[in-house]
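Notes follow once the structure below has been shown.
The values are calculated or read from the model by the stated rules, or taken from the named source; none is laboratory data. Just so it is clear, the structure is predicted and the values come from calculations on it, not from any experiment. Cβ placement follows ideal geometry from the backbone for every residue including glycine, while neighbour counts extend to all protein chains displayed. The accessibility values were calculated without ligands, DNA or RNA, using every heavy atom of the protein model including side chains. Shrake-Rupley method; radii C 1.70, N 1.55, O 1.52, S 1.80 Å.
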Amino acid sequence: MSTLSEHRTVGEIAAEIPAAVQVFQKHQIDFCCGGKEALGAVCESRGLSTEAILAELEQAAAGRTPDTTDWTKADLSDLIDHIVSTHHEYLKLELPRLGEMAARVATRHAGRYDGIPERMQAIFEDMRAELEGHLMKEERVLFPLIGNLEAAASMGAGTGAPPSHCGSVNNPIRVMMHEHDSTGAALAELRMLTGQYTPPMDACNTFRGLYHGLKELEADLHRHIHLENNVLFPRATALEAGL
């Protein structure tokens, strides 16, 4: 029998494919206490399309499609749109979801596993608070500033950089890079604390789904920060210098 089948129980699928947890949460399918029910029966009782849910589960199991665009040559406005639509929107969905799961795991397993669930939640919530403020500063301050620089550059050399209360674009960039370093340190701490995101042998599906989600979050943040630190920010600095 294939792993993904309407005859498999929700709990079995969640245990074998941690990425399935996100799909079940999206459709409010109980994969913990109600995990002994077959997927097909659950979908029928909830008025959901079994075929559609299976398709979502297959997509989740396959992982996200890698981005192959050469962002070193694209317009900065297009790169910013990509960062916001792909990485910022991902964080806006995943940070609250993972925060709720981390709180649940920390509460249910308090005092167990050498205190890892409680420490993991504390590290995550500090990182989450900084990231949420970080996204807002980029979208409201830095990204519009870069957009204005690109618009000025389109008018030709010698136009001059548009006025900004930040002064040079390098000022907010320095702040963002400092916060990127802070996020990187938090991710490294989470990876070490969780043993490379390896759940305990007796971990419940929520615990396993949380570890999978944190691992995916780390991978996405690495791509996200790379695009900003190594592509967007240097190009914005060079653009301002050429005006």
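The magnitude of the dipole of the chain, with charges of +1 and -1 set on the Cβ of Lys/Arg and Asp/Glu and taken from the Cα centre, is near 360 debye.
Per residue of the chain, the DSSP helices (runs of n ≥ 4 H) give a summed -39500 (n - 2.57) that works out to -20000 deg cm²/dmol at 222 nm. Placing dummy labels 7 Å off each Cα toward the beta-carbon, the span from Glu6 to Thr86 is 3.6 nm. Here the scattering of the range 136-243 is modelled by Debye summation over its C-alpha atoms, one equal scatterer each and no solvent; at q = 0.12, 0.20, 0.22 Å⁻¹ the log10 of I(q)/I(0) is -0.55, -0.99, -1.12.
Ligands, DNA and RNA excluded, the heavy atoms of Ser77 present near 50 Å² of accessible surface to a 1.4 Å solvent probe. Computed extension length for Ala62-Thr198: 47.0 nm, one decimal, from 0.36 nm per residue of separation with the Cα-Cα distance subtracted.
By accessible area, using a 1.4 Å probe on protein heavy atoms only, the range 110-229 has 57% of its surface on carbon and sulfur. Full extension of the chain between Glu150 and Ala41 gives 33.8 nm of extra length, using 0.36 nm per residue less the Cα-Cα distance.
Applying 0.36 nm per residue to the separation of Asp220 and Asp30 and subtracting their alpha-carbon distance, the gain on full extension is 65.7 nm.
Of the peptides 189-202, 59-72, 35-48, the order by per-residue mean of other Cβ atoms within 10 Å, starting with the highest, comes out as 35-48, 189-202, 59-72.
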